[in-house]
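Student: Before I ask anything, let me first share the structure, which is written out below as structure tokens.
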Amino acid sequence: QVQLVESGGGLVQPGGSLRLSCAASGNISSIYKMGWYRQAPGKQRELVATIASGRSTNYGDSVKGRFTISRDNAKNAVYLQMNTLKPEDTAVYHCNADVYSRWTGTRALYWGQGTQVTVSS
């Protein structure tokens, strides 16, 4: 089993910054792509950013130039630096990880429970 735990969410004023963290633990041999997605009330889940094991990145159009994704392979962790936050960034942010476990011989996509980000004055 693999667990992902997010942290770093909270309430921030428009124009402010937050840094989200997500740590993976459990039966992990390799982690391929890691990512962040978000879901606001009444809306579909949308891509925020992904990062491959080789550190190539991809961003959703709404966050390009404001958010930066990074990872620490030694810690099985992924981060999301969010700058110039807007009220429309308010959502629950979930991380995911594409994980291979040699103990089970399986590769699967795992999700964290999410962390709330609220941007409001």
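Student: So which residues in the range 4-37 are touching a strand residue (DSSP E or B) at 6+ places or on another chain (Cβ under 7 Å), closer than 12 Å to LEU85 by Cβ and of a type outside the set (A, V, I, L, M, F, W, C), if there are any at all? Reasoning before the result, please.
Tutor: Step one: of the range 4-37, the residues touching a strand residue (DSSP E or B) at 6+ places or on another chain (Cβ under 7 Å) are 4-12, 14, 17-37.
Subset that is closer than 12 Å to LEU85 by Cβ: 9-12, 14, 17-20.
Scanning the range 4-37 gives GLY9, GLY10, PRO14, SER17, ARG19.
Student: Return the residues of the range 93-106 that are touching a residue at least 40 places away in the same chain (Cβ under 8 Å) and more than 18 Å from VAL12 (Cβ to Cβ); say none if nothing qualifies.
Tutor: At the first step, the residues of the range 93-106 found to be touching a residue at least 40 places away in the same chain (Cβ under 8 Å) are 93-104.
Those that are touching a residue at least 40 places away in the same chain (Cβ under 8 Å) and more than 18 Å from VAL12 (Cβ to Cβ): HIS94, CYS95, ASN96, ALA97, ASP98, VAL99, TYR100, SER101, ARG102, TRP103, THR104.
Student: Read through the list (1) under 25 Å from SER121 (Cα atoms); (2) in contact (Cβ under 8 Å) with a residue 60 or more places away in the chain, then give the number of the only condition that GLY35 fails.
Tutor: GLY35 satisfies all of (1) under 25 Å from SER121 (Cα atoms); (2) in contact (Cβ under 8 Å) with a residue 60 or more places away in the chain except (1).
Student: Is it the case, given these coordinates, that ASP72 is more than 22 Å from TRP103 (Cβ to Cβ) and open to solvent by 70 Å² or more (accessible area, probe 1.4 Å)? Can you show your working first?
Tutor: Working: more than 22 Å from TRP103 (Cβ to Cβ): yes; open to solvent by 70 Å² or more (accessible area, probe 1.4 Å): no.
So ASP72 does not fit the description; no.
Student: Related question: So, in the range 48-65, how many residues would count as being surrounded by 14 or more Cβ atoms within 10 Å (Cβ to Cβ) and touching a Lys or Arg at 6+ places or on another chain (Cβ under 8 Å)?
Tutor: So the answer is 4.
Student: Here's another thing I want to ask about it. Out of the residues in the range 82-117 meeting the condition of being of a type in the set (S, T, N, Q) and exposed (fewer than 15 other Cβ atoms within 10 Å of the Cβ), tell me which one is nearest to TYR32 (Cα to Cα). Give the derivation first.
Tutor: Within the range 82-117, the first condition is being of a type in the set (S, T, N, Q), and the residues that meet it are 83-84, 90, 96, 101, 104, 106, 113, 115-116.
This time we only want the ones that are exposed (fewer than 15 other Cβ atoms within 10 Å of the Cβ), so: 83-84, 104, 106, 113, 116.
Details: ASN83: 26, THR84: 29, THR104: 16, THR106: 13, GLN113: 20, GLN116: 25 Å.
Looking at residues that are of a type in the set (S, T, N, Q) and exposed (fewer than 15 other Cβ atoms within 10 Å of the Cβ), I get THR106.
Student: Scan the range 35-47 and tell me whether some residue there is part of a strand (DSSP E or B) and loosely packed, with under 14 Cβ neighbours inside 10 Å. Working first, answer last.
Tutor: Our first condition is that a residue be part of a strand (DSSP E or B); within the range 35-47, this holds for 35-39, 46-47.
From what's left, loosely packed, with under 14 Cβ neighbours inside 10 Å: none.
Within the range 35-47 (the criterion being part of a strand (DSSP E or B) and loosely packed, with under 14 Cβ neighbours inside 10 Å), the answer is no, since none of the residues qualifies.
Student: Here's something else I'd like to know. Give, as residue ranges, the strands (runs of 3 or more DSSP E) completely inside the range 51-92 that count at least 1 residues that are within 18 Å of GLN3 (Cα to Cα) and touching a residue at least 24 places away in the same chain (Cβ under 8 Å). Talk me through it step by step, then tell me what you get.
Tutor: Details: elements: 57-59, 67-72, 77-82.
Those strands (runs of 3 or more DSSP E) span 67-72, 77-82.
The values are calculated or read from the model by the stated rules, or taken from the named source; none is laboratory data. In this text the structure is predicted, and so the values were computed from the model without any measurement. No Cβ is skipped: glycine too gets one built from the backbone with ideal geometry, and neighbour counts run over all protein chains shown. Surface areas here come from the heavy atoms of the whole protein model, side chains and all, with no ligands, DNA or RNA. Shrake-Rupley method; radii C 1.70, N 1.55, O 1.52, S 1.80 Å.
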